[in-house]
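Below: one structure, written as structure tokens.
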Amino acid sequence: QVQLVESGGGLVQAGGSLRLSCRASGSIISSDTLTWGRQAPGKQRELVATITGDGNTDYGDSVKGRFTISRDNARKTWYLQMTNLKPEDTARYFCNAPIWRAHIKYDYWGQGTQVTVSS
């Protein structure tokens, strides 16, 4: 019922910026917490950023001060603005919606979008 589609990835030079978007279809509501994660080959998936329904945000230590998560509830879309990108940011980035409905947990993920940062 819920599908997530990422966009905005690409190849950028170190120090550059990208904005990723995640568009949802289905029953995403304004109170849901939304996240971004990333995974590089041979590495575990890493939580990058979260935003709660009331707008509180949290970030992984490696991206604090450089990445910003935001949301547009009317469009059922959330964003990851990435600045001062570093080669170690190279990964596939996934959006995520961990959703509770009537005490049942749902955990939706997109297919990911590749971000490659060249030195």
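Taking into account only those residues within the stretch 86-107 that are closer than 15 Å to A49 by Cα and aliphatic (A, V, I, L, M), which is farthest from the chain's Cα centre (by Cα)? Show your work before the answer.
To start, the set of residues in the stretch 86-107 that are closer than 15 Å to A49 by Cα comprises 89, 91-98.
Filter once more, so that each one left must be aliphatic (A, V, I, L, M): 91, 97.
Details: A91: 12, A97: 10 Å.
Across the stretch 86-107, the extreme among qualifying residues is A91.
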(message) Residues that are open to solvent by 50 Å² or more (accessible area, probe 1.4 Å) and of a type in the set (D, E): list the strands (runs of 3 or more DSSP E) wholly contained in the stretch 5-119 that include at least 1 such residues.
(response) 46-51, 57-59, 104-109
(request) Write out, first by first residue and then by second, each pair whose Cβ atoms fall under 7 Å of each other, whose residues are 6+ apart or on separate chains, and whose first residue, in the stretch 84-112, is on the phi < 0 side of the Ramachandran plot while the second is open to solvent by 60 Å² or more (accessible area, probe 1.4 Å) and aromatic (F, W, Y). (result) F94/W109; N96/W109; I99/Y106
(message) Any residue in the stretch 39-62 that is closer than 14 Å to G112 by Cβ and of a type in the set (F, W, Y) sitting within a Cβ distance under 9 Å of a residue that is open to solvent by less than 40 Å² (accessible area, probe 1.4 Å) and part of a strand (DSSP E or B)? List the pairs, counting only those 6 or more apart or interchain.
(response) none
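The values are calculated or read from the model by the stated rules, or taken from the named source; none is laboratory data. Because the structure is predicted, anything quoted here is derived from the model rather than measured. For neighbour counting, all protein chains shown are included, and Cβ atoms are generated from backbone atoms with ideal geometry for every residue, glycine included. Note: accessible area is taken over every heavy atom of the protein model, side chains too, but ligands, DNA and RNA are not part of it. Shrake-Rupley method; radii C 1.70, N 1.55, O 1.52, S 1.80 Å.
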